Structures are given as C-alpha cells and as structure tokens.
Amino acid sequence: MREKLNQITIVVNGQPIKVQVKPETLIRTAVIDALKESGNSGQPLENWELRDSSGQIIDLDKSVENVVPKEGTELFLSLKAGVGGN
C-alpha cells in the first residue's frame, strides 16, 4: 500500500516550489525542502516566516495535516522584516 502524500506549494520570494509531503510531516521539513530546491540557503531557517493566503503566520512545528486545509494549497515564505542585506 502506498503512503498518502500531499502536494503543497511554498512560494519562496515569489518562486513557487511544489513539495510532496506526508500529512504527518512537520511544516518545518517542507520549508527546508523548499528553501533547498529554490537555492535560498544563505539565511538560517529562523530568519524566514511562512504565511497562508490570508497573511496569517504559520507555526513551523505543526504538521502539514494540521495547517494545510487541502492539497495544492499555497503558502508564502519570505524573510522576516529587517533581515537580509549584506
């Protein structure tokens, strides 16, 4: 029997990254995968924040099934205000 996988899209600085995850996977893991795939590895994870389409900040320590209402949902990852530069 195949494991159930959900596909979510994490938009990293405007670049949509599709990530396949198990429902019980922590959002943190999906974010790390999206950052790697997008090539955004210059900033530590704690400098990023994830939001849903309504702008609410998402807790990275929750599971996908507790945060993502349906498969194909887009989440938005960006650097926290004041982070970045040289």
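The values are calculated or read from the model by the stated rules, or taken from the named source; none is laboratory data. Every value quoted in this text rests on a predicted model; they were computed, and no experiment measured them. With ideal geometry, Cβ positions are generated from the backbone for all residues, glycine too; neighbour counts draw on all protein chains shown. Just so you know, the surface numbers come from the protein's heavy atoms only, side chains and all, with ligands and any DNA or RNA stripped out. Shrake-Rupley method; radii C 1.70, N 1.55, O 1.52, S 1.80 Å.
Scanning the range 74-84 for residues that are part of a loop (DSSP other than H, G, I, E, B) and closer than 18 Å to Val12 by Cβ yields Lys80, Ala81, Val83, Gly84.
When the range 44-69 is filtered for residues that are basic (Lys, Arg) and open to solvent by 90 Å² or more (accessible area, probe 1.4 Å), only Lys62 remains. Cβ separations smaller than 7 Å between residues 6+ apart or across chains give the following pairs from the range 55-77 residues that are aliphatic (A, V, I, L, M) to residues that are part of a loop (DSSP other than H, G, I, E, B): Ile58/Asp52; Val64/Pro23; Val64/Thr25; Val67/Ile58; Leu75/Asp52; Leu75/Ile58. Take the residues in the range 1-43 that are free of Cβ contacts under 8 Å to residues at least 40 places away in the same chain and charged (D, E, K, R); name whichever of them is surrounded by the fewest Cβ atoms within 10 Å (Cβ to Cβ). The qualifying residue surrounded by the fewest Cβ atoms within 10 Å (Cβ to Cβ) is Arg2.
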